[in-house]
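K.L.:
One structure, as structure tokens, below. Some questions next.
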Amino acid sequence: MRAGRTDRRRRWPARRLADVVRRRWAWLLAGLGGLLVAAVAVVAVAFPSVVAVTCPGCYGLEEVAPGLYAEPDLPPDRRRQVIEIMEAAGRRVRDFYGGRGSAPRVLVCATDDCYRRIGGGGERGIAILNRAVMLSPRGIHPVIAAHELSHVELDSRLGTAGVPKWFDEGLAVVVSGDPRYLAPETAPDRCLAEPGVVLPGMPGERPRAATDGERFYARSACRVSRWMSAAGGPAAVHRLIGRLAGGEDFAAVFPPSAAGSRMPRVPRMPRVP
């Protein structure tokens, strides 16, 4: 009897210790869960676009085609138009690159309220790394969509390599064939603005005003277009991407003197509707 009573006495402290450990683990997990919820809330408020591309349905968007999300109340004809626009934009990118290695989610907003809700600003559209594209009501156009898809495709092909902002934007203008910044392909020189000796848009530099942005895109597109004409067209871009992805430096692949000569000015083309 005494031995049994002693065993029970020894087991009680062990049980109490186990209960204490379980309670503390429960408190710890609850605290971590609360921190996680708070962190998600902070990200959702500070970076809504990150959450929106991860969970389009959380922002009221529905999938209207594989990887393509739009507002659920779009009329059927408008929905078909959005799908056709993205298909046309995808073809432009695929034809230029000889295929597509990226498959981004595309979030299309037909209203300004929708675009603000998912984190958009005053731009027509925006590419989010190699993961997604967001289009505003003014960006639902094959040219704008192809421009943003080109950013995503280039980023996915470069891997950890990088290019100056002017090259990224200039190439996207070439791929999309944007008539605001480039003359038609049949023109002897497609440039609508001279790139100058020092091109804007080097890493970390951004246009300071709307007119600066217009010149930035036109001058960047001019330099990329002239370089491509002299180096072999889209094949030159493919070679450049391969060398950069292989570890070479951009300055070695695209020297500062490339496509810098002055050419006659060409009248400005009409804006994209």
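K.L.:
Can you name the number of the only condition in (1) hydrophobic (A, V, I, L, M, F, W, C); (2) modelled with pLDDT of 60 or more; (3) over 21 Å from the mean Cα position of the chain (by Cα) that LEU68 fails?
P.N.:
Failed condition: (3).
K.L.:
Take segment 113-155 and flag every residue that is over 10 Å from the mean Cα position of the chain (by Cα) and either outside any helix (DSSP H, G or I) or not assigned by TED's automatic domain parsing to the domain that holds PRO56 (or both).
P.N.:
Of everything in segment 113-155, those that are over 10 Å from the mean Cα position of the chain (by Cα) and either outside any helix (DSSP H, G or I) or not assigned by TED's automatic domain parsing to the domain that holds PRO56 (or both) turn out to be ILE118, GLY119, GLY120, GLY121, GLY122, GLU123, ARG124, LEU135, SER136, ILE140, HIS141.
K.L.:
Identify, from the list LEU171, LEU182, LEU199, the residue that is more than 16 Å from the chain's Cα centre (by Cα), buried (at least 19 other Cβ atoms within 10 Å of the Cβ), closer than 19 Å to VAL237 by Cβ and at pLDDT 95 or above. Talk me through it step by step, then tell me what you get.
P.N.:
Numbers: LEU171 fails: more than 16 Å from the chain's Cα centre (by Cα); LEU199 fails: at pLDDT 95 or above.
Just one listed residue meets the conditions, LEU182.
K.L.:
Go through (1) at pLDDT 95 or above; (2) part of a helix (DSSP H, G or I); (3) within 22 Å of the chain's Cα centre (by Cα) one by one and return the number of the condition GLY213 breaks.
P.N.:
(1)
K.L.:
Shifting gears a bit: Is it fair to say ALA103 is part of a loop (DSSP other than H, G, I, E, B), out of contact with any Ser or Thr (no Cβ under 7 Å at 6 or more places or on another chain) and in contact (Cβ under 8 Å) with a residue 40 or more places away in the chain?
P.N.:
no
K.L.:
Take ARG100 and decide whether it is out of contact with any helix residue (DSSP H, G or I) (no Cβ under 9 Å at 6 or more places or on another chain), modelled with pLDDT of 95 or more and not aromatic (Phe, Trp, Tyr). It would help to see each step written out before you state the result.
P.N.:
Numbers: out of contact with any helix residue (DSSP H, G or I) (no Cβ under 9 Å at 6 or more places or on another chain): no; modelled with pLDDT of 95 or more: yes; not aromatic (Phe, Trp, Tyr): yes.
No, not satisfied.
The values are calculated or read from the model by the stated rules, or taken from the named source; none is laboratory data. Quick caveat, the model's predicted, so the values are computed rather than measured. No Cβ is skipped: glycine too gets one built from the backbone with ideal geometry, and neighbour counts run over all protein chains shown.
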